[in-house]
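Asker: Mind having a look at this structure? Questions to follow.
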Amino acid sequence: MSRYGELILDRSPGAFTAPVLLVRPAESYVREMPGNDFTLLEEWLAAPPGGGSAAST
């Protein structure tokens, strides 16, 4: 594995040129939440096992 690291160490990825298609259902239930992936993960990790909220413990 370390040999692979040596082979790609001096390489940089080129521009991404593939087309991207976003598909979602017509009846979607989207809810925006403040924060980002990290804050959502922190909240999930702080929750007690089995559900509920950390504030109720």
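Asker: With each run of n ≥ 4 DSSP H residues scored as -39500 (n - 2.57), what mean residue ellipticity at 222 nm is computed for the chain after dividing by its residue count and rounding to the nearest 500 deg cm²/dmol? Kindly include the intermediate steps, with their values, before the conclusion.
Answerer: Details: 2 runs with 17 residues, N = 57.
So the helix-based figure for the chain works out to -8000 deg cm²/dmol.
Asker: Ignoring chymotrypsin sites (Phe, Trp or Tyr not before Pro) that are buried or in helix or strand per DSSP, and keeping those with at most 16 other beta carbon atoms within 10 Å, what is the longest stretch of the chain between them?
Answerer: 30-57
Asker: What distance in nm separates the simple spin-label points at MET1 and TYR29, each placed 7 Å from Cα in the Cβ direction?
Answerer: 4.1 nm
Asker: Separate question: With everything on Cα atoms, drop me the angle between helix 37-46 and the longest principal axis of the chain, reported from 0 to 90° to the nearest 10.
Answerer: 50 degrees
Asker: Would you mind working out the accessible area per residue for the chain, using a 1.4 Å probe, and quoting it in Å²?
Answerer: 109 Å²
Asker: Using a basic spin-label model with each label point 7 Å from the Cα along Cα→Cβ, how many nm lie between TRP44 and VAL20?
Answerer: Each label point is offset 7 Å from its Cα along the Cβ direction, giving 2.1 nm.
Asker: Where the accessible area of the chain is counted over protein heavy atoms with a 1.4 Å probe, how much of it, in %, is carbon and sulfur?
Answerer: With neighbouring chains kept in place, the figure for the chain is 61 percent.
Asker: Could you list, bin by bin from short to long, the percent of Cα-Cα pairs of the chain in 5 Å steps?
Answerer: 4, 11, 9, 9, 12, 12, 14, 11, 12, 6, 1
The values are calculated or read from the model by the stated rules, or taken from the named source; none is laboratory data. Remember, predicted model here, so these are calculated numbers, not experimental data. Counting neighbours? That spans all protein chains shown, and the Cβs are built from the backbone with ideal geometry, glycine included. Only protein heavy atoms, including side chains, enter the accessible area calculation; ligands, DNA and RNA are left aside. Shrake-Rupley method; radii C 1.70, N 1.55, O 1.52, S 1.80 Å.
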